[in-house]
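Trainee: Let me begin by handing over the structure; questions about it come next.
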Amino acid sequence: MNIETKQQQLETTMRLAPVIPVVIIEDAKHAVPMARALVAGGIPAIEVTLRTPAALDAIRAIAAEVEGAVIGVGTVLSAKDLHAAEQAGARFAVSPGISPNLLEAADDSALPLLPGVATASEAMSLLERGYRNLKFFPAVPAGGAKLLGAWASPLPQIRFCPTGGISLTTAPDFLCLPNVLCVGGSWLTPSDKLKNGGWAEIEQLAREAALLKGVIGR
Ligand code: 3PG
């Protein structure tokens, strides 16, 4: 599949809702009720990070059982991660940065990759390869909305999903930028709510996040 088709798929996913929840899941049996709560609250695209042994089972379960969810895989560091996530049913992949091996694997894979960048040079290198949708990571420590906003004029082709250190309160600072389609964040799925089955609370957090649509300027 060519890069432009994958970029279009990625853009569609990034436009589904203002926030992509970044999930660290310890128990795969929490995956389906969590994803149902997020979808019910208006947040369909979900990134389950490969940081726990439960992650791939969680992705498999959400892909098979949760109608309306667009399940993604996060913390993809290698070609092996990318292939495993694709086989588990992930529909998009997110990486904190880039490596030559991962980019090569992404070229050969049908799974759209949203790679992380923290500098204009990294963004330019990826643009040369056809990537016009990027993650800005770690958004707040790397320079926040001020840095990202400064890229809008010289890099107008690129749209970002800033992630890292963003909350419900600070998300509008990013979402109002012309080069931002959505933000990523872990605040929608706190570990205690996952552990205690706080699905109604997660749905409520999703509802609040979905309302951020009002501040997106495009
Ligand atoms: C992460 O590294 O887990 C993601 O960037 C999410 O970051 P956050 O916990 O600051 O939202």
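Trainee: So how strong a dipole does the chain carry about its Cα centre when Lys and Arg Cβ are +1 and Asp and Glu Cβ are -1, to the nearest 20 debye?
Mentor: 400
Trainee: Another question, if that's okay. Are there any trypsin sites (Lys or Arg not before Pro) in segment 141-212 that are in a DSSP loop and have at most 15 other Cβ atoms within 10 Å? List them by number.
Mentor: Loop-located and lightly packed - none at all.
Trainee: Largest first, how would 151, 187 line up by accessible area (1.4 Å probe)?
Mentor: Largest accessible area first, the residues go 187, 151.
Trainee: So how much slack lies between residue 99 and residue 157, counting 0.36 nm per residue of separation and subtracting their Cα-Cα distance, in nm?
Mentor: Going from the current span to full extension adds 18.7 nm.
Trainee: Here's another thing I want to ask about it. Let me know the shape class of segment 1-156, please: from the alpha-carbon gyration tensor, a ≥ b ≥ c as square roots of the eigenvalues, rounded when a/c is under 1.5, otherwise prolate if a/b is greater than b/c, or oblate.
Mentor: It comes out prolate by the Cα gyration axes.
Trainee: Per 0.36 nm of contour for each residue apart, how much would the distance between residue 51 and residue 77 grow if the chain were fully extended, relative to their Cα-Cα spacing?
Mentor: Contour length minus Cα-Cα distance gives 8.3 nm.
Trainee: Calculate what fraction, in whole %, of the accessible area of the chain sits on carbon and sulfur atoms when a 1.4 Å probe is rolled over the protein chains. List each step's numbers first, then the result.
Mentor: Working: 5110 of 9310 Å².
Solvent-exposed carbon and sulfur of the chain make up 55 percent of the total.
The values are calculated or read from the model by the stated rules, or taken from the named source; none is laboratory data. Here the structure is a predicted model, which is why all the values come from computation and not from measurement. Note that each Cβ is placed from the backbone with ideal geometry, even for glycine, and that neighbours are counted across all protein chains shown. We work out accessible area using only protein heavy atoms, side chains counted, and drop any ligands, DNA or RNA first. Shrake-Rupley method; radii C 1.70, N 1.55, O 1.52, S 1.80 Å.
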